[in-house]
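Below is one structure; the comments refer to it alone.
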Amino acid sequence: MIDSGFETRSVRMELLLLVSFQAPPADVDRIMEAVVAINPLGMGNYDSNAFQSAGGVERYRPLEGAAAGAETILRERPGTVEVSFELPDDQTLAARIVEAIYQAHSYQEPVIRIQPLLASRSKGLDDRANPNRWWNTTGDWKKAASPVREDA
């Protein structure tokens, strides 16, 4: 197992924490606002960096003591998503983030996970001419620039 960061010509691999949580889609914006109020989730020239999965099915059965009361039938909640983001390897910061997620979440027992990982950070080299970069491609997600009329 790699236990320290390393570098390539273009990238630094840094030891970070991967934080993930599961939630109904309606909770995500509220939770992420609470997270970025503590840490901007920066990556190079970008902030608010996070990933949200497509919806899946969460399965659970409330037991005695659950806010909904004990049930005998397994519940299934379709559409539940997982959101993940990276933080510096700082336990105090991670604790603040976990508490913010907990307070903003609608669940009695939110699923919050933290894992150590190596994550890439660009060294910011000038690669404007790289034909693989999004600004040099014609993907359908790229918005075409509006023509500017000089005669208006």
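Brief remarks on what is shown
- Qualifying residue in the range 36-44 (condition: touching a residue at least 24 places away in the same chain (Cβ under 8 Å), within 30 Å of LEU16 (Cα to Cα) and in a helix (DSSP H, G or I)): no
- For the range 1-35, a residue qualifies if it is among the aliphatic types (A, V, I, L, M), surrounded by fewer than 18 Cβ atoms within 10 Å (Cβ to Cβ) and assigned to a strand (DSSP E or B), and the qualifying residues are VAL11, MET13, LEU15, LEU18.
- Meets criteria (within 30 Å of LEU125 (Cβ to Cβ) and either acidic (Asp, Glu) or exposed (fewer than 12 other Cβ atoms within 10 Å of the Cβ) (or both)) for GLY69: no
- Counting only strands (runs of 3 or more DSSP E) that fall entirely inside the range 46-142 and contain at least 2 residues that are aliphatic (A, V, I, L, M), the qualifying elements are 75-88, 112-122.
- Yes/no for SER10 being farther than 17 Å from TYR102 by Cβ and at pLDDT 95 or above: no
- Pairs, first hydrophobic (A, V, I, L, M, F, W, C) in the range 54-69, second exposed (fewer than 10 other Cβ atoms within 10 Å of the Cβ), C-beta under 7 Å, six or more apart: VAL57/PRO78
- Scoring HIS105 on the criteria (1) without any contact (Cβ under 8 Å) to a residue 24 or more places away in the chain; (2) surrounded by 15 or more Cβ atoms within 10 Å (Cβ to Cβ) leaves a single failure, condition (1).
- Some residue of the range 21-44 being farther than 30 Å from SER4 by Cα, among the β-branched types (Val, Ile, Thr), touching a Gly at 6+ places or on another chain (Cβ under 6 Å) and at pLDDT 95 or above: no
The values are calculated or read from the model by the stated rules, or taken from the named source; none is laboratory data. It should be emphasised that the depicted structure is a prediction, and the values quoted were computed from it without experimental measurement. As a convention, Cβ positions derive from the backbone with ideal geometry for all residues, glycine included, and neighbour counts pool all protein chains shown.
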